[in-house]
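Heads up, the thing below is written out as structure tokens.
The values are calculated or read from the model by the stated rules, or taken from the named source; none is laboratory data. What you see is a predicted model; the values in this text were computed from it and never measured. Cβ sites come from the backbone with ideal geometry, for glycine too, and all protein chains shown count toward neighbours. Note: accessible area is taken over every heavy atom of the protein model, side chains too, but ligands, DNA and RNA are not part of it. Shrake-Rupley method; radii C 1.70, N 1.55, O 1.52, S 1.80 Å.
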Amino acid sequence: MTDQQPYQVLREYDDFELRHYPDYVLVQVEVTGGFSGAGNAAFGPLFRYISGNNQSATRIAMTAPVLQETTADDAHTVSFVLPEGMPVSAVPVPQDARVTTRVVPAHGAAARRFGGGWSEARFTENGDTLLAAVRRAGLEPVGGVYFARFDPPWKPGFLKHNEALVAVA
């Protein structure tokens, strides 16, 4: 069983839940191309990093979810969340120049769960629904919507668990 990123549910709304995420570390790759291919393009360098392709040859457990954010037209950041409790001082330096690490401070986020396959249309629709619901609730989104994939690609689409998320002030 893959460990999942920890969070605390602060409040449940009709279309989303408000969560608190403690500090965490991301390992990331920036890719260009279409939304659907971004995860595949970034997976190899990220997986090699956690498999020991880093300066200390440290192997790191895979966690869920895999995060993806569109940062510009045909530009995406794909991220693995490093395991809970891994101190920043223990995060290995990447060997691959495409791979970076980033500390994310504790913050609030709104999250909308949805099932199904990984299509850009499905993610966009749920992201738009999330933003509208967050604003209706009187909350202020901070930054762009990003998406979380919790399942391996071979899992049937109707069984997949996905989320649209946005940080909130």
Protein-only accessible surface order, largest first, of ARG149, ARG48 at 1.4 Å:
ARG48, ARG149
Kirkwood Rh, region 10-92, all Cα pairs: how many Å?
14.3 Å
Can you sort HIS76, HIS20 by 1.4 Å-probe accessible area, starting with the largest?
HIS20, HIS76
Rounded to the nearest whole Å², what accessible area per residue is found for the chain with the 1.4 Å probe?
52 Å²
Would any residue of region 20-37 have its amide N under 19 Å from a label point 7 Å out along Cα→Cβ of VAL93? List them or say none.
26-29
Please work out the Cα center distance from region 80-121 to region 1-41, rounded to the nearest Å.
7 Å
Report the dimensions of region 54-112 along its three principal axes from the alpha-carbon atoms, largest first, rounded to Å.
35, 26, 19
Integer Hz, Karplus 6.51/-1.76/1.60 couplings in order for region 163-168, x for Gly and Pro:
9, 9, 9, 8, 5, 10
Express the Stokes-Einstein translational diffusion coefficient of region 90-142 in µm² s⁻¹, to the nearest whole number, given a Kirkwood radius over alpha-carbon pairs, 25 °C and a viscosity of 0.890 mPa s.
171 µm²/s
For the chain, the accessible surface attributable to carbon and sulfur atoms (probe 1.4 angstrom, ligands and nucleic acids excluded) amounts in percent to 52 percent
Please give me the summed charge of the neighbours of ASP96: other residues whose Cβ is under 13 Å from its Cβ, Lys and Arg +1, Asp and Glu -1.
+1
Between 0 and 90 degrees, rounded to the nearest ten: what's the tilt of helix 120-136 against the longest Cα principal axis of the chain?
60 degrees
Viscosity 1.002 mPa s, temperature 20 °C: Stokes-Einstein D of region 66-159 from its Kirkwood Cα radius, in µm² per second?
137 µm²/s
Cα gyration tensor of the chain - equivalent ellipsoid semi-axes, whole Å, descending
26, 19, 15
